[in-house]
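J.: This is the structure, below, for whatever I ask next.
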Amino acid sequence: MGTFLNSRQLLKVHRPPPCGSDSAFATKFAPLASSSSSCSGVGASHVAVMGLKLSKSSTGGSGGSIFRKTGESAHRGKAKVYGRQAQERVLEEEVPEVSEIQRPFKVFPGQAFPLGVSEIDNGINFAIFSQNATAVTLCLSLPQSGKAGRVDQELIELALDPHDNKTGDIWHICIEGVPRSNVLYGYRMDGPRGFNEGHRFDRNIVLIDPYAKLIEGRRFFGDTNHKLSKFLGTYDFDSLPFDWGEDYKLPNIPEKDLVIYEMNVRAFTADESSGLDSDIRGSYLGVIEKIPHLLELGVNAVELLPVFEFDEFEFQRRRNPRDHMINTWGYSTINFFAPMSRYASGGGGPVNASQEFKEMIKALHGAGIEVILDVVYNHTNEADDKNPYTTSFRGIDNKVYYMLDSNGHLLNFSGCGNTLNCNHPVVMELILDSLRHWVTEYHVDGFRFDLASVLCRGTDGSPLNAPPLIRAIAKDAMLSRCKIIAEPWDCGGLYLVGKFPNWDRWAEWNGKYRDDIRRFIKGDPGLKGSFATRLAGSADLYKVNKRKPYHSVNFVIAHDGFTLYDLVSYNFKHNDANGEGGNDGSNDNFSWNCGFEGETDDVKVKALRSRQMKNFHLALTVSQGVPMMLMGDEYGHSRYGNNNSYGHDTSLNHFQWTQLDARRKSHFRFFSEVIKFRQAHPQFCHEDFLSKNDVTWHEDNWDNLESKFLAFTLHDKNGGDIYLAFNAHDFFVQVAIPPPPKNRGWFRVVDTNLKSPDDFISEGVPGIGSTYNVAPYSSILFKAKP
């Protein structure tokens, strides 16, 4: 049986200060010696509460523990944490400010698995891994009437006994009588102080459980009144299972048929021009409202920029050149299991965020649209040793969770200050458990792994030929239905495009496709052969073992870099607004401004830019492999030359629905029609690489480096051949058109040189003769019809 005590059996004592510091005392409760305190081997350090009066202590932060002042007797002290000064308030023995806890509860030793919070027969079980911690304290904040988001409220602290509450390297405790939902929790960890041995323990900070399924923090995105809000885990065992519906089914779209739309949940509807209610804008529910737009565009998969919990104010926690920025992309994960709580509508908090995320998935699936998550397992939000932002892993067991050099310093292959130790067995299991959670709990259809080459490094950072994590993901039964896509490079120079360890399962963002398509379309010489190779599915990269054309995710534009409009409007990046003196963002954009840098009223320049955007889009949609486009390119969104806009929660990133309406009958119409044409014609979606029966290249001039014209025919066994030509010269090319199949004629479907609506005619325009004049910087598509 567990220990069960009432308030008369409790003695209030002070916690001793952390080793080597003058840190604040915190209030702690321990049972007096009595016959009941020894039940089931539960020691005196276990806590049972009934009607306790508790002091208010803060959850702490990267600068040390800050306790709420509760009376005139409070005084200030200084604490040194890894060489940083932290101002702290010290509570005296008197505790004037109190909160009445009405529920009694018992504690038991608990069990080691599953990690995180689980409901078992005896109550609520808490389990957390730390190989190197020597002391662990569970901190709880119980529900209070009328209060939400209580991350700065009072905590009950339960010190875990390493003899009773530890199995191997897992610390655990079970509590009976604690509420089944709306409880906030975290851990204080203490352990060795050897910085050069890789340890970063700091008992002043209340840390987030890596296995927390929900995270509570500030409730509204970008709320400056709570800029320094803390984050704690929470759980929900009261809500009924989500109703996916009797007719619900997964889309299960074959990989070869995907058309991916990369998008940001918040930015999609945050702008007032979305026409949505202010409580809905920028939320999961906002995405639901705009599903008709996705269907009209013709895409069948969305790739969501990170939706794991992150702190949008991370740049503003200290003075620095980027302290005006708000992280709107989300590549700075706090926790790998919890959906971003501030994407809930109306500041609804983490439980509502989880429910509404499921509503979004259900609605997208109902519309036949798959959901791929952009996941960041290469680093976390905790930054570097110079300016750490400790919220979880660093304080729980830095030596396990991060890659370190021989001096105990963080390795940085992510470009963000730290690198997750992905192929350590414990971290690998964390990542696998996270992926399984998103598949089983939220029904997502796939994952795109940010800087996935990091996942191919050993615990010392060296590249691995057969990374255990990459293999485990490929072979995992629960993930077998999922699309798994690698961004096959990292910031340490491990470039693996076409060489990513794959087990015939992994697809890749094809960076070489992006570069070669950009360079050919803008008119660089010597690219015709590479252009043809990319259009044909990049067999030079992926025709290995059992890999397929669809293992190449083709893109011209992605979230980082220029938008499509900016690609044809700027020769140089314009990133001054980012606060880094223009040193951030890529310098190798392979862009061309068509004769003028930035905005212009020049009619000829604007017409050329329009043609070029259509050329890029046509090339993307007719290529073998999986096309991916960026949100906003369907109307020509501009970031005004900023090619690294991660920190702007403004119209720079927000979808501009008014602009879409203005261009719906021209630019958007072309983009939508071309996508739908692709989906209606299997010639663009071959299961295998093209053979000589599938394509004819109308070319005998491959070695001419000055040639910038390419024409070819994709054959159809039923006679529905498709002829395409791309002219990247600055002059007209009169091309000989090959004879159509027997009893067929050529119909012009696309000519990007023509104005809307003549640039795309779905039924085609007949009367194509034996030659055709292809305009400068333009492309054409003919279809053979009876």
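The values are calculated or read from the model by the stated rules, or taken from the named source; none is laboratory data. Values in this document were obtained by computation on a predicted structure and should not be read as measured data. Quick reminder, even Gly has a Cβ in these numbers, built from the backbone with ideal geometry, and neighbours come from all protein chains shown. In case anyone asks, the SASA skips ligands and DNA or RNA and just uses the protein heavy atoms, side chains included. Shrake-Rupley method; radii C 1.70, N 1.55, O 1.52, S 1.80 Å.
J.: Across the stretch 415-475, what fraction of all alpha-carbon pairs, as a whole percent, falls in each successive 10 Å bin from zero upward?
T.: 21, 53, 23, 3
J.: Rounded to whole Å, give me the distance from the Cα center of the stretch 354-373 to that of the stretch 671-705.
T.: The distance from the Cα centre of the stretch 354-373 to that of the stretch 671-705 comes to 32 Å.
J.: Leaving out ligands and nucleic acids, and using a 1.4 Å probe, what accessible area per residue does the stretch 557-659 come to in Å²?
T.: About 34 Å² of surface per residue is accessible.
J.: Related question: Going through the stretch 105-178, which trypsin sites (Lys or Arg not before Pro) have at most 15 other Cβ atoms within 10 Å and a DSSP loop state?
T.: Taking the stretch 105-178 and a limit of 15 other Cβ atoms within 10 Å, the loop trypsin sites (Lys or Arg not before Pro) found are K147.
J.: Now for a different question. 5 Å is the cut-off here: which amide hydrogens, built 1.01 Å from N in the peptide plane, fall below it relative to H379, excluding neighbours closer than 5 in sequence?
T.: HN-HN under 5 Å from H379: L420.
J.: Shifting gears a bit: Select from G286, A474, C139 the residue farthest towards the positive end of the dipole of the chain; place +1 on Cβ of Lys and Arg, -1 on Cβ of Asp and Glu, and compute about the Cα centre.
T.: Towards the positive end, the residue furthest out is A474.
J.: Which lysines, if any, have their Cα less than 24 Å from the Cα of K106, not counting same-chain residues under 8 positions apart?
T.: Counting by Cα, and skipping residues close in sequence, K106 has these lysines nearby: K12, K28, K53, K56, K166, K213.
J.: Rank these by accessible area, largest first, 1.4 Å probe: E176, E289.
T.: E289, E176
J.: For all pairs of alpha-carbon atoms in the stretch 484-524, what percent lies in each bin of width 5 Å, listed from the first bin to the last filled one?
T.: Pairs per bin, as whole percents: 6, 22, 25, 19, 15, 10, 3, 1.
J.: Additional query: Under 13 Å between alpha carbons, and skipping anything fewer than 8 positions from K475 in its own chain: which aspartates and glutamates qualify?
T.: Within the straight-line limit of under 13 Å, K475 reaches these aspartates and glutamates: D504.
J.: With viscosity set to 1.002 mPa s at 20 °C, what whole-number translational diffusion coefficient in µm²/s follows for the stretch 689-785 from Stokes-Einstein and a Kirkwood radius over Cα pairs?
T.: D, rounded to a whole number, is 154 µm²/s.
J.: Mind giving me the FRET efficiency for R471 and N743? R0 is 56 Å, r the Cβ-Cβ distance, nearest 0.05 is fine.
T.: Approximately 0.60, to the nearest 0.05.
J.: Given N residues in the stretch 513-565, what is its alpha carbon radius of gyration divided by 2.2 N^0.38 Å?
T.: Normalised Cα radius of gyration, the stretch 513-565: 1.23.
J.: Can you give the translational diffusion coefficient of the stretch 106-236 in µm²/s, computed by Stokes-Einstein from the Kirkwood radius over Cα pairs at 37 °C and 0.692 mPa s?
T.: Approximately 213 µm²/s, per Stokes-Einstein.
J.: Here is a follow-up. If the cut-off is a Cα-Cα distance under 17 Å, which aspartates and glutamates reach K386, setting aside same-chain residues fewer than 8 apart in sequence?
T.: By straight Cα distance, K386 reaches E197, D202, E314, D323, D405.
J.: Under a point-charge model restricted to the Cβ atoms of Lys and Arg (+1) and Asp and Glu (-1), what is the dipole moment magnitude of the stretch 687-745 relative to its Cα centre, in debye to the nearest 20?
T.: 340 debye
J.: How high is the relative contact order of the stretch 106-236, in percent, with contacts defined as C-alpha pairs under 8 Å that are six or more residues apart?
T.: 29 percent
J.: With the convex hull built on the Cα atoms of the stretch 609-756, state its orientation-averaged projected area in nm².
T.: The number I arrive at for the stretch 609-756 is 11.6 nm².
J.: Something else: Return the calculated 222 nm mean residue ellipticity for the chain, to the nearest 500 deg cm²/dmol, obtained by summing -39500 (n - 2.57) across DSSP H runs with n ≥ 4 and dividing by the residue count.
T.: -5000 deg cm²/dmol
J.: Of the cross-linked pairs K362/K717; K606/K785; K249/K546; K256/K783; K573/K692; K665/K692, which ones have a Cα-Cα span greater than 31 Å in the structure shown?
T.: As for pairs spanning more than 31 Å Cα to Cα, those are K362/K717; K606/K785; K573/K692; K665/K692.
J.: Please sort 506-514, 386-394 by packing, taking for each peptide the average over its residues of neighbouring beta carbons within 10 angstrom, highest first.
T.: 506-514, 386-394
J.: A follow-up question, please. For the stretch 633-649 and the stretch 543-618, what is the separation of their C-alpha centers, rounded to whole Å?
T.: About 10 Å separates the Cα centre of the stretch 633-649 from the one of the stretch 543-618.
J.: Next question. Counting only protein chains, not ligands or nucleic acids, how are W489, W171 ordered by accessible area (probe 1.4 Å), most first?
T.: Of W489, W171, the descending order of accessible area is W489, W171.
J.: So what's the stretch 536-575 giving for Rg/Rh, alpha carbon basis, Kirkwood Rh from the mean inverse pair distance?
T.: 1.19
J.: Right, another one. Over the chain, one equal point on each Cα, no solvent: what is log10 I(q)/I(0) by the Debye formula at q = 0.09 Å⁻¹?
T.: Cα-only, vacuum Debye calculation for the chain: -0.86.
J.: Where Lys and Arg each count +1 and Asp and Glu each count -1, what net charge lies around M403 among other residues with Cβ under 9 Å from its Cβ?
T.: Charge balance near M403 sits at -1.
J.: Please list the non-local residues whose amide H lies under 5 Å from the amide H of L404, H modeled 1.01 Å from N, same-chain partners needing a gap of 5 or more.
T.: Under 5 Å from the amide H of L404 lie the amide H atoms of L411, each far enough along the sequence or on another chain.
J.: Starting from the Kirkwood Rh over alpha-carbon pairs, what translational D in µm² s⁻¹ does the stretch 322-410 have by Stokes-Einstein at 37 °C and 0.692 mPa s?
T.: Diffusion coefficient, whole number: 209 µm²/s.
J.: Compute the signed sum of charges (Lys and Arg +1, Asp and Glu -1) over the other residues within less than 12 Å, Cβ to Cβ, of N644.
T.: Net local charge, N644 excluded: -2.
J.: Under unit Cβ charges (Lys, Arg +1; Asp, Glu -1), what dipole magnitude, rounded to 20 debye, does the stretch 221-269 have relative to its Cα centre?
T.: Approximately 400 debye in magnitude.
J.: Considering only DSSP beta bridges whose two residues both sit in the chain, what percent are antiparallel, to the nearest 5?
T.: Restricted to the chain, the bridges split so that about 75 percent are antiparallel.
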